[in-house]
Structures are given as C-alpha cells and as structure tokens.
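Everything below concerns the one structure shown next.
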Amino acid sequence: MAGNITFTMIKPDAVRNGHIGAILNKINEGGFEIVAMKYTKLSQEKAGEFYEVHKERPFYGELVEFMSSGPIVAAVLRKDNAVESFRTLIGATNPEEAAEGTIRALYATSIGENAVHGADSDENALREANFHFAGTEMFM
Ligand code: CMP
C-alpha cells in the first residue's frame, strides 16, 4: 500500500525568485498537510550527502553547488498516496516537459534549477524526512 508521507524542498532558485508563498499555496490547494517545515541552508557536505545516490552522474557537482547556494524550505507532507500525488503536482524534472499548471512548469527555470524536490519513493521520503528533521520536529 502506498504511504501517506512525502518529503520536499523548495530549492534556492525558487527562494531567490520569491516563490515560497506561491509554492506553499499550491501545496495546500493540492490537499497536502504540512507535518514538518524549516527554512534552512545546506552546507556543501550536507547537500552532497543528501544527493549521494546521484554521485556518479555528470551533474552531481553542479547539483551540490546549486543546492548549497542559498536557503531552502524543507518540509514533510501528508496526504493519501503522497509520493505519487506530489510528483504529479510538481511535474516532470525538466520544466520544459512539465505539464501545464504544475509547480515546475510555473516556477522552475531549468532542469538543474527546477524549483522543488519531491521524494521518488516511500522509502526515500522517510529517509529524506529523517535526514532533515528530528522526530520531535515532525507532527505526524
Ligand atoms: P530532484 O528531484 O531534486 O532530484 C535530483 C536532481 O538532479 C533533480 O531534481 C534535478 O534538479 C537534478 N538534475 C537531474 N538531471 C539533471 C541534469 N541533466 N542536469 C542538471 N541537474 C539535473
């Protein structure tokens, strides 16, 4: 059965471009409940650790540099079938391929600077939530 928790980050490009409020509004309108949230900044080391699964990819260095370039909003969200439902709300990784009205179609600028992250599985959602939040910071 699909889980009811996902993890997201509003990335440095969307924060710099003033889209935090609009993106949180889309998240609320999409029926997600925020069970944890913080405004923070990843060190290069932490960003590298978070995206370790992409270590061998050619864009890894660029990704780590970008994700540690400014503040982000990290959040844990709850809704039935959360992972898949949130990936539908944000749209394809490449904003040029993202469906109309999705968060990435509206606010992303490129495949690298794509406004938001969304966990890709229930297992990763929990791993990523625990990476950013202590148990006492998540109001499940
Ligand atoms: P995200 O959902 O955060 O997960 C991995 C990230 O790697 C992805 O979003 C993109 O921002 C980034 N990414 C994926 N493909 C590329 C690429 N070809 N060039 C640069 N960044 C990429």
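The values are calculated or read from the model by the stated rules, or taken from the named source; none is laboratory data. Keep in mind that this is a model prediction, so the values were computed, not measured. For neighbour counting, all protein chains shown are included, and Cβ atoms are generated from backbone atoms with ideal geometry for every residue, glycine included. Just the protein is used for accessible areas: all its heavy atoms, side chains included, with ligands, DNA and RNA removed. Shrake-Rupley method; radii C 1.70, N 1.55, O 1.52, S 1.80 Å.
Would you list 11, 26 from the most to the least accessible area, probe 1.4 Å? Write down the numbers at each step before the final one.
Numbers: 11 10, 26 45 Å².
From most exposed to least exposed: 26, 11.
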**Request:** Find the lysine pairs in region 5-137 meeting two conditions, Cα atoms under 23 Å apart and a separation of 8 or more places or different chains, and report how many there are.
**Result:** 13
**Accessible-area ranking of 16, 127, 104, 78, largest first, probe 1.4 Å** = 16, 127, 78, 104
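With +1 on each Lys and Arg Cβ and -1 on each Asp and Glu Cβ, and nothing else charged, work out how big the dipole of the chain is about its Cα centre, in Debye to the nearest 20.
Details: 13 positive and 20 negative charges, 77 e Å.
Charge dipole of the chain: 360 debye, to the nearest 20.
Determine the per residue accessible area of region 5-137 with all protein chains present and a 1.4 angstrom probe, expressed in square angstrom.
Working: 6630 Å² over 133 residues.
Per-residue accessible area for region 5-137 comes out at 50 Å².
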**Prompt:** Of the GluC sites (Glu not before Pro) in region 1-80, which ones lie in a loop per DSSP and count no more than 15 other C-beta atoms within 10 Å?
**Reply:** 56
**Complete:** Applying the gyration tensor rule to the Cα atoms of the chain (axes a ≥ b ≥ c; rounded if a/c under 1.5, else prolate if a/b exceeds b/c, else oblate), the class is rounded
**Message:** Given the options 81, 68, 126, identify the residue whose Cα lies farthest towards the positive end of the charge dipole of the chain (+1 on Cβ of Lys, Arg; -1 on Cβ of Asp, Glu).
**Reply:** 68
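Carbon and sulfur atoms: what percent of the 1.4 Å accessible area of the chain do they account for?
Numbers: 3640 of 7290 Å².
Reported share for carbon and sulfur atoms: 50 percent.
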**Request:** Report, in whole Å, the centroid distance computed from the Cα atoms of region 63-117 and region 1-23.
**Result:** 6 Å
